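Read the structure below first, then the notes.
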Amino acid sequence: MEEQSRRAHPRVEADISVSVKAVGKPAMVSGVIKNISLGGVFVQLDEPLSFGTDVDLEFSLSAAAKTIRCKGVVLWSTRQTPEKSPSGLPGMGIRLRDISVRDMRELAEYVSVQLESSDAAPH
């Protein structure tokens, strides 16, 4: 809980397919968003990108939702020591940037619904 209190935005667990592309590189790679907030995501990826890499992200919050396209920057990444990641998985923490107001509202609604459902679940 201590880590959650340091965050500017509540973070919820997820299992969302995402395409990630380093800016200036031709290929997109597929990963899985394992947790998400209004400020950022953790993407599970066997070959995470390096700290400071600018990225383009594409993901949908549900099968019916439109694709969210935004930019981000890799704040941290771990390959050799996944135990240091919050999920114990190799991947990277990405701060979201350049996201439309409409997409941010959709993301806020998603996080809110997930928080409500986790609060309602028995602990």
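Overview of results
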| read-out | value |
| --- | --- |
| Test: residue in the stretch 94-101 that is over 16 Å from Lys21 (Cβ atoms) and modelled with pLDDT under 95 | no |
| Ala14 over 26 Å from Glu109 (Cα atoms) and either of a type in the set (Gly, Ala, Ser) or modelled with pLDDT of 95 or more (or both) | no |
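A quick yes/no check of all residues on (1) surrounded by 13 or more Cβ atoms within 10 Å (Cβ to Cβ); (2) closer than 21 Å to His9 by Cβ; (3) of a type outside the set (Phe, Trp, Tyr):
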site	(1), (2), (3)
Ala27	no, no, yes
Leu38	yes, yes, yes
Glu47	no, no, yes
Lys66	no, no, yes
Arg79	yes, no, yes
Arg102	no, yes, yes
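The values are calculated or read from the model by the stated rules, or taken from the named source; none is laboratory data. In this text, all values refer to a predicted model and were calculated from it rather than measured experimentally. Glycine gets a Cβ as well: all are built from the backbone with ideal geometry, and neighbour counts include every protein chain shown.
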